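Following: one structure in structure tokens, then a few remarks.
The values are calculated or read from the model by the stated rules, or taken from the named source; none is laboratory data. Computed from a predicted structure; not experimentally measured. Cβ placement follows ideal geometry from the backbone for every residue including glycine, while neighbour counts extend to all protein chains displayed.
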Amino acid sequence: MSSDHTASLFSRRRFLKTAILSGMGCASLFGGAYPATAAVLNSLEEGGRTLSFQNVHTGEVFSGEYKVGGRYLPDAFSEINRVLRDFRTGDEYPMDPRVVDIMYTIHKKTGRATPFEILSGYRSPKTNQMLRKTSTGVAKNSFHMTGQAIDLRMPSFSTREIRNIALALRAGGVGFYAGSDFVHIDTGQVRSW
């Protein structure tokens, strides 16, 4: 057997093994430990999913369709990542589509057309470290640093009610900051504070 043929077989085997393990990981994530997450993330809707939000620090807005027939739209996520970037450093990071799906589901359950106001999406390690030194309640290994968390509120809608909707989804972490008037959502384990 030639070395090219052996390398080709090895590459195919590695690809297949990775694909199988990835599929198993997704199945356990969406169907096992977090059953409510599966319902939130896997539901298909005719016409796709549309969402609107504004970054309160930059004034930038995302408004549009981000998912059609279970397929995320890359151009929409490029814009989402830009709007949800770390406004302090300008760093962008790919946002977890699951956190956007959770945000979409919460918004739909409010029954309002009002866009969310976003206080924090992606947060660079540098920004997270600075916030840990200057304020309380900032996690050392924050999900914001991996694009898995969003802090939000909705004008003229109770943040307490947003928190209640998020808790009922059981799709990840939910933090309620009444004094600062926002709700934290993330795609980590189901928990609340």
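Looking only at the stretch 69-95, residues that are in contact (Cβ under 8 Å) with a residue 12 or more places away in the chain and in a helix (DSSP H, G or I) come to 7 in all. Picking from 38, 27, which residue would you name as being within 23 Å of residue 189 (Cα to Cα), exposed (fewer than 15 other Cβ atoms within 10 Å of the Cβ) and modelled with pLDDT under 95? Of the residues listed, the single one that is within 23 Å of residue 189 (Cα to Cα), exposed (fewer than 15 other Cβ atoms within 10 Å of the Cβ) and modelled with pLDDT under 95 is 27. Only one of the numbered conditions (1) outside any helix (DSSP H, G or I); (2) out of contact with any Pro (no Cβ under 9 Å at 6 or more places or on another chain) is violated by residue 63, and that is (2).
When each of 64, 69, 32 is tested for being at pLDDT 60 or above and out of contact with any helix residue (DSSP H, G or I) (no Cβ under 7 Å at 6 or more places or on another chain), the lone residue that passes is 69. Residues in the stretch 141-193 that are touching a residue at least 40 places away in the same chain (Cβ under 8 Å), surrounded by fewer than 20 Cβ atoms within 10 Å (Cβ to Cβ) and on the phi > 0 side of the Ramachandran plot: 156, 170. Scanning the stretch 175-190 for residues that are within 12 Å of residue 143 (Cβ to Cβ) and more than 12 Å from the chain's Cα centre (by Cα) gives 175, 189.
Scanning the stretch 146-168 for residues that are part of a helix (DSSP H, G or I) and within 14 Å of the chain's Cα centre (by Cα) yields a total of 2.
Between 188, 179, which is more than 20 Å from residue 56 (Cα to Cα) and not in a helix (DSSP H, G or I)?
On the way: 179 fails: more than 20 Å from residue 56 (Cα to Cα).
Within the list 188, 179, the selection yields 188.
Among residues of the stretch 98-127 that are closer than 19 Å to residue 76 by Cα, those with a beta-carbon under 6 Å from a residue that is of a type in the set (Phe, Trp, Tyr) and not in a helix (DSSP H, G or I) at least six positions away or on a different chain give the pairs 115/53; 116/53; 118/53; 122/93.
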